[in-house]
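My structure is below; once you've seen it, I'll send some questions.
The values are calculated or read from the model by the stated rules, or taken from the named source; none is laboratory data. In this text the structure is predicted, and so the values were computed from the model without any measurement. Cβ placement follows ideal geometry from the backbone for every residue including glycine, while neighbour counts extend to all protein chains displayed. These area figures cover heavy atoms from the full protein model, side chains too; ligands, DNA and RNA do not enter into them. Shrake-Rupley method; radii C 1.70, N 1.55, O 1.52, S 1.80 Å.
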Amino acid sequence: MKKVRVELGSRSYDACIGSGGLGRAGPMLKELGLSGKAVIIIDTTVRGLYGERLERSLSGAGFRVSVLEVPPGEEQKSLATAGRLYRELTGAYAERQTPVLALGGGVIGDLAGFVAATYMRGVPLVQLPTTLLAQVDSCLGGKTAVDHDGLKNVIGVFYQPRLVVADIDTLKTLPVAEMANGIAEVIKYAAIRNRELFAYLEGVLGRAASLEAAALERMVLESVKIKAEIVAIDEQDSGLRGILNYGHTIGHAIEAASGFRFRHGQAVAMGMVAAARVSRRLGMLSDDDVFRLVGLIRKASLPTEVPALKIEEIIQAMKHDKKVKRDRVRFVLLEAIGQAMITDEVSLSLVEEVLRGR
Ligand SMILES: NC(=O)c1ccc[n+]([C@@H]2O[C@H](COP(=O)([O-])OP(=O)(O)OC[C@H]3O[C@@H](n4cnc5c(N)ncnc54)[C@H](O)[C@@H]3O)[C@@H](O)[C@H]2O)c1
Ligand SMILES: [Zn+2]
């Protein structure tokens, strides 16, 4: 397995990436000095696929394992489900030293992370992400949250895990649409920070129906390195971490305006193309780089063009965004593929022109 260190002083941790990770989780937890009880939080789908693999590894290393199961779906990121999990944790006699293991996608990672951060003022958290999006994005960086009153991620805390284990074998069973969701984020990392990774993606995406293990491992590893580097510089999201929002300002507006008919990755893909075109209009990005970005997103079977009917709603949704002040919107732009910058000076009228293809 490959290791990436997330450097956060006394809260530093390793992200381990590769094949066979779930089978090694038990010994890895012991190496961290953990022992006794362990609690797995997991959704029903992932339990059927990988629950036993993790349980076996933990029991083999001497842990007494409890499994807390929740149904799959974003609706479970709620205070109600968190409340149920607290009750089950006390029922399982979980103590301050009892590790909580989040095995699943970003929903389980955010929910179990929030529960681990708050139960007894914080118990050790281990992230075992099983979707590509969770492996390259949500498992790292310590943002945990639940949704509330129809608002996404409004109740949450920063809480770093003690360890991340991204077993790329789990991606074999991931549905195509979920895979595309994660690939959009991988393209984002390459576009903002790593031109070489971008060129690599141009070579591997769309060539075969499914990606080979070696390609997946490299995509996860390089993405994790970029996120780890950015989080180490700006843990609390007050500066550089903002560049991770590339494609997301317009992307979030597209998600909202379409009533979440577009998946997150699709919306971000369209958002990245629009942001690249805004960059070009401001004279920052070359035509060739815009062309390459559009080409790569197409290869990944992700959309590049915003549906014309929705443009009015998208602009409205952006106006409601906290990042908009006096018609100017905080925006991540590209200076080149592999190099991003943040500005407060993009006008909504320019965004609208670009979306309308003018
Ligand atoms: N904390 C952060 O920094 C951060 C960053 C990005 C996204 N998020 C959050 O992540 C969530 C989305 O995460 P997601 O896209 O992983 O969705 P998800 O957790 O809902 O997983 C998607 C689906 O795939 C299934 N699944 C998971 N692993 C599988 C596997 N290996 N094989 C087959 N099926 C599998 C799940 O049961 C689920 O039905 C959102 O709630 C979002 O807010 C958080
Ligand atoms: Zn995203």
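Okay, residues lined up against (1) surrounded by fewer than 23 Cβ atoms within 10 Å (Cβ to Cβ); (2) within 11 Å of ligand 1 (Cβ to nearest atom); (3) over 17 Å from Gly21 (Cβ atoms):
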site: Thr130; (1), (2), (3): no, yes, no
site: Val136; (1), (2), (3): no, yes, no
site: Gly141; (1), (2), (3): yes, yes, yes
site: Asn153; (1), (2), (3): yes, yes, yes
site: Gln160; (1), (2), (3): yes, no, yes
site: Val165; (1), (2), (3): no, no, no
site: Asn181; (1), (2), (3): no, yes, yes
site: Ala184; (1), (2), (3): no, yes, yes
site: Leu201; (1), (2), (3): no, no, yes
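Name the pairs whose Cβ atoms lie under 6 Å apart, with the first residue in region 223-252 and touching a residue at least 12 places away in the same chain (Cβ under 8 Å), the second among the hydroxyl-bearing types (Ser, Thr, Tyr), and 6 or more positions between them or separate chains?
Ser223/Tyr189; Ile226/Tyr189
Results for (1) small (Gly, Ala, Ser); (2) farther than 15 Å from Gly357 by Cβ, shown as yes or no for each residue.
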| site | (1), (2) |
| --- | --- |
| Gly283 | yes, yes |
| Val290 | no, no |
| Arg298 | no, yes |
| Thr304 | no, no |
| Ile311 | no, no |
| Gln316 | no, yes |
| Asp321 | no, yes |
| Arg328 | no, yes |
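Follow-up question, since we're still on this one. Report the residue count in region 162-217 for those that are in contact with a helix residue (DSSP H, G or I) (Cβ under 7 Å, 6 or more places away or on another chain) and either part of a loop (DSSP other than H, G, I, E, B) or of a type in the set (S, T, N, Q) (or both).
8
Turning to a different aspect of this structure: Within region 254-284, restricting attention to residues that are open to solvent by less than 10 Å² (accessible area, probe 1.4 Å) and more than 16 Å from ligand 1 (Cβ to nearest atom), which residue is farthest from Val332 (Cα to Cα)? Reasoning before the result, please.
So the first thing to find is which residues in region 254-284 are open to solvent by less than 10 Å² (accessible area, probe 1.4 Å), and the list is 254, 265, 267-276, 278-279.
If we keep only those that are more than 16 Å from ligand 1 (Cβ to nearest atom) as well, we get 270, 273-276, 278-279.
Numbers: Met270: 14, Val273: 12, Ala274: 11, Ala275: 7, Ala276: 9, Val278: 10, Ser279: 9 Å.
Ranking the candidates gives Met270 first.
Going through region 302-326 one residue at a time, which ones are within 20 Å of Met284 (Cβ to Cβ) and open to solvent by 20 Å² or more (accessible area, probe 1.4 Å)?
Selection gives Lys323 alone.
While we're here: Answer yes or no as to whether Asp169 is in contact (Cβ under 8 Å) with a residue 24 or more places away in the chain, open to solvent by 10 Å² or more (accessible area, probe 1.4 Å) and within 16 Å of ligand 2 (Cβ to nearest atom). Full working, then the answer.
Values: in contact (Cβ under 8 Å) with a residue 24 or more places away in the chain: yes; open to solvent by 10 Å² or more (accessible area, probe 1.4 Å): yes; within 16 Å of ligand 2 (Cβ to nearest atom): no.
Criteria not met by Asp169.
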